[in-house]
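See below for the structure under consideration.
The values are calculated or read from the model by the stated rules, or taken from the named source; none is laboratory data. Just so we're clear, the structure is a prediction, and the values are computed from it rather than from any experiment. Cβ placement follows ideal geometry from the backbone for every residue including glycine, while neighbour counts extend to all protein chains displayed.
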Amino acid sequence: MATGDAIFRREEDCETESWPGIVDWWTLFSSDRTDTNGLTVGVAEIPVGAVEPERGHMHAQSEVYYFLSGTGHVVVNGTRRDVRTGDAVFIPGNSEHVAVNTGTEPLRLLYFFAADSFTDIEYIFPK
């Protein structure tokens, strides 16, 4: 990518990825999809009534959630905190975490990884 070149993306132009019944997501910036590096960013949506997984997931990279709409809670290493529109959460690498919708509308969040590509994120699901 040439220095100073901006890249614009729309959520609706991204492939929908999913853990069915739990979360859908759209990766906006990732070096395997866009001419970008150093940062992976996307939007995730947890539907109303989604079942809370018994356990969260982990990955080596730190992650940030910024909540765009809805209400819910986030559990990080067993500590639960309520979240709502405008809240941000920094999740350290190798921390077990999950976001849960507790409201009456989809819980939408922007996620950020300091990684070139979404393919660099290896999800681990503790037993």
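Quick look at the values:
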{"quantity": "Filter result for the condition that a residue is touching a strand residue (DSSP E or B) at 6+ places or on another chain (Cβ under 9 Å), assigned to a strand (DSSP E or B) and more than 30 Å from Gly4 (Cα to Cα), over Ala99, Ala50", "calculated": "Ala99"}
{"quantity": "Residue match in region 62-81 (condition: surrounded by 17 or more Cβ atoms within 10 Å (Cβ to Cβ) and assigned to a loop (DSSP other than H, G, I, E, B))", "calculated": "yes"}
{"quantity": "Condition broken by Arg55, with the remaining ones in (1) assigned to a strand (DSSP E or B); (2) among the basic types (Lys, Arg); (3) touching a residue at least 24 places away in the same chain (Cβ under 8 Å) satisfied", "calculated": "(1)"}
{"quantity": "Any hit, region 103-121, residues being without any contact (Cβ under 8 Å) to a residue 60 or more places away in the chain and either assigned to a strand (DSSP E or B) or touching a Leu at 6+ places or on another chain (Cβ under 6 Å) (or both)", "calculated": "no"}
{"quantity": "Check on Gly21, modelled with pLDDT of 95 or more, loosely packed, with under 15 Cβ neighbours inside 10 Å and out of contact with any Phe, Trp or Tyr (no Cβ under 6 Å at 6 or more places or on another chain)", "calculated": "no"}
